[in-house]
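What follows is calculated from the coordinates using simple rules that are stated; it is not laboratory data. A quick note: this is a predicted structure, and the numbers were derived from the prediction, not measured. So basically every Cβ, Gly included, is an ideal-geometry build from the backbone, and we count neighbours across all protein chains shown.
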Amino acid sequence: MSDNNINRINAFSINHKCFHVLKEGKIVTFVFIIIGRILLNKVQHRFLVRNMHCDCCLKLLKIEFERIGADIIKGKLGDVSVAFDSDKTSYESVEQIFTSNGFEIILDKETALVEEIKRVVIELVHHSTFNAMVRNSDFLVSRFDKTYQHLSTVFSKHEKITLEKFIILQRIEKVKELIQTDEQSLSEIAFMMGYSSVQYLSTQFKQITGYSVTEYKALPEKERKGVGLI
């Protein structure tokens, strides 16, 4: 094969590649234009929400919002950002999704703080192992960078119980769960939940439930409350 033929083949190969790159470039540009137009029509709102206590709440909202053409852009318990096309979906219909499913949109800062305190306490007590390593009050102070007195005052102002009582009730519900699964001894449970002794745990359990630990274990139907009902 002559050098001229080889050069023609190489030139064709280069041009062919350039042609594909150009085609892909046009496609990518076209895709960006389409995505840009889609995003341009969407508005995004952040909602602080009461009564969200587990991940299933987020899953429910995701399904409900998709039904009306809206999307959760960022979501955690009590804090949800929703994007929707304002030409097709009204702000009122987005609000309705929250309220019709038992959630309440929070409008003032103190109520938002109380809901965040509750969420953090539930996370600490039910979904972490920090109880055994740090006092609940110290954990909250470090998490919110506010004094415990301030957090407690704001909490009591908006709830029917004190912050201390709320923490105790959550801990006792977790203890009930651990007793019911019967995988740890009472001394192990006391350590896991941050009690200084089995006796302290037993005394507090009796005060809150009206049953001793032994009596509770013997109940044919053990009484439990959902974390959001406390």
task: Can you check what the Kirkwood hydrodynamic radius comes to for the range 110-229, Cα pairs only, in Å to one decimal?
output: 15.0 Å
statement: Interchain or sequence-distant (5+) residues whose placed amide H lies within less than 5 Å of the amide H of F47 are V80, S81, V82
query: Once you charge only the Cβ atoms, +1 for Lys and Arg and -1 for Asp and Glu, what is the size of the charge dipole of the range 42-107 about its Cα centre, to the nearest 20 debye?
result: 200 debye
task: Using only the C-alpha atoms of the range 42-107, find the volume of their convex hull and express it per residue in Å³.
output: 69 Å³
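Only loop residues by DSSP count here, and only those with at most 14 other Cβ atoms within 10 Å; note down the trypsin sites (Lys or Arg not before Pro) in the range 42-95 that meet that. Please report the intermediate quantities before stating the final value.
On the way: sites: K42, R46, R50, K59, K62, R67, K74, K76, K88; in loops: K88.
Those satisfying the criteria are K88.
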message: Just to verify a number: FRET efficiency for V141 and H45, C-beta to C-beta distance, R0 = 22 Å, to 0.05?
response: 0.10
task: Evaluate the charge dipole of the range 110-229 about its Cα centre and quote only its size in Debye, nearest 20, assuming +1 on the Cβ of each Lys and Arg and -1 on the Cβ of each Asp and Glu.
output: 240 debye
